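Read through the structure below, which is laid out as structure tokens, and then see the notes.
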Amino acid sequence: MIRERLVLPNDLQAVKEKVEESDRLKSAFLANMSHEIRTPMNGILGFTDLLLKPDLNDGKKEKYIEIIKKSGDRMLNTVNDIIEISKIEAGLIEVRNSNINVSSVVKNLIEFFQIQAQQKGLTLSFESDELELIVNTDLKKFELILTNLIKNAIKFTNNGRIDISFGVKNGFLQFCVEDTGIGVPQNRIHAIFNRFEQADIEDTQVFQGSGLGLAIAKSYVEILGGKISVTSVEGEGSTFCFTLPYLSDMNTSDSIDTDTSIENNEVQFSQPKILIVEDDEVSADFLNIILNKVAATTMIVNSGEKAIEFCKIHPDIDLVLMDIKMPGIDGYEATRRIREFNKEVLIIAQTAYALAGDKEKAITAGCNDYIAKPVKPDELIEMITKQLNLKKG
């Protein structure tokens with residue numbers, strides 16, 4: 001006997017209202033993201049125009065350049081947050097666990113944020129009785145969770161202190177970030193971790209900025225098997241706590257990931273010949289200026305086809321900086337074709353794509369490494385130095 005579930009008018013109305021509310025919140029989210037991109041763009045373009053005016057003294061030039069830099073950083077943070085949320089929504093987040101020393105990570109973050117805290121007259125402190133705890137988790141995501149919570153505390157605390165603590169509780173590591181900031185009204189706490197609702201709140205003094213940092217933190221905590229919560233008193237401060245699974249009998253003899261960068265970036269090779277493959281003229285000029293510091297010669301081509309032909313004619317090329325998204329043959333295919341006749345040349349992919357799996361796709365195509373746009377000069381030089389030294393060794 002087949003029974004059909006009757007859909008009552010009240011059910012249809014509830015579904016309709018839920019869909020409409022979802023659409024409204026997403027529209028508010030998109031409007032907020034548009035604002036968060038346009039606002040720093042106004043700073044970038046506006047102060048660039050001012051820099052072009054004659055008779056500017058050095059003091060004003062330095063001030064305008066600093067504003068442009070801060071505006072660019074703010075816009076990049078917003079774009080990165082949007083990409084991260086998109087990856088979370090699409091289920092593209094990968095977890096790579098390793099053994100990490102909790103105190104070491106926390107101390108490094110406190111040292112990093114100490115200047116920002118001091119600039120606002122805040123005391124940033126850390127205390128724990130568990131100084132040698134090792135946890136098996138994803139280092140990058142763990143750092144990002146704490147980073148977003150500390151940034152949030154600094155942003156909304158005008159005076160007083162921010163205290164960071166952690167300890168073992170009921171088989172979990174519990175981390176807390178407590179501040180003496182403005183606090184959150186009780187009727188708005190529900191929106192703290194919601195990527196859509198936060199953008200819909202009218203009080204921009206309470207929730208300014210993209211509002212995605214806490215949403216990303218919550219998603220990462222849950223992906224890593226923990227939970228996150230907040231308690232807050234308006235006008236007195238907030239305490240954000242999250243947990244991560246902890247195994248007390250874990251083998252701590254395994255290697256510990258400290259994520260230390262290369263300390264010695266001294267160029268230990270003869271200056272290389274570098275080919276820049278980039279279809280955007282501004283990006284190509286920017287890369288050329290950076291690479292002139294380490295290259296004997298730099299050449300520029302603007303397509304995958306030309307890159308393949310150039311490498312055939314010039315087999316002595318040392319390194320190719322390969323853009324991925326180009327008209328015609330893209331960077332992946334160009335790399336594969338170059339590898340058919342040249343296995344030795346170093347190829348570094350550089351792309352505005354930033355989704356999970358992009359680096360693996362580049363490596364599979366035959367690239368030696370991968371760097372995301374916008375390219376940071378020091379990071380690129382360090383990567384080139386590392387790759388050329390590895391090849392030499």
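Values quoted throughout were computed directly from the atomic coordinates according to the rules given, and no laboratory measurement underlies them. Note that the structure is predicted; figures quoted are calculated from it, not measured. FYI the Cβ positions are ideal-geometry reconstructions off the backbone, even for glycines, and counts take in every protein chain you see.
Shape class of the stretch 273-392 from the Cα gyration tensor (axes a ≥ b ≥ c, square roots of the eigenvalues): rounded, since a/c falls below 1.5. For the set Lys151/Lys359; Lys87/Lys359; Lys141/Lys325; Lys87/Lys141; Lys107/Lys140; Lys61/Lys151, the pairs lying more than 21 angstrom apart at their alpha carbons are Lys151/Lys359; Lys141/Lys325; Lys61/Lys151. Taking each residue as 0.36 nm, the span from Lys70 to Gln271 lengthens on full extension beyond its C-alpha to C-alpha distance by 69.0 nm.
Under Stokes-Einstein, with the Kirkwood radius over Cα pairs standing in for Rh, what whole-number D in µm²/s applies to the stretch 97-245 at 37 °C and 0.692 mPa s?
This corresponds to a translational diffusion coefficient of 210 µm²/s.
Shown here for the stretch 85-124: GluC sites (Glu not before Pro) in loop regions (DSSP other than H, G, I, E, B) with at most 12 other Cβ atoms within 10 Å, namely Glu94. Here the gap between His190 and Lys293, fully extended at 0.36 nm per residue and compared with their Cα-Cα distance, gives a gain of 31.9 nm.
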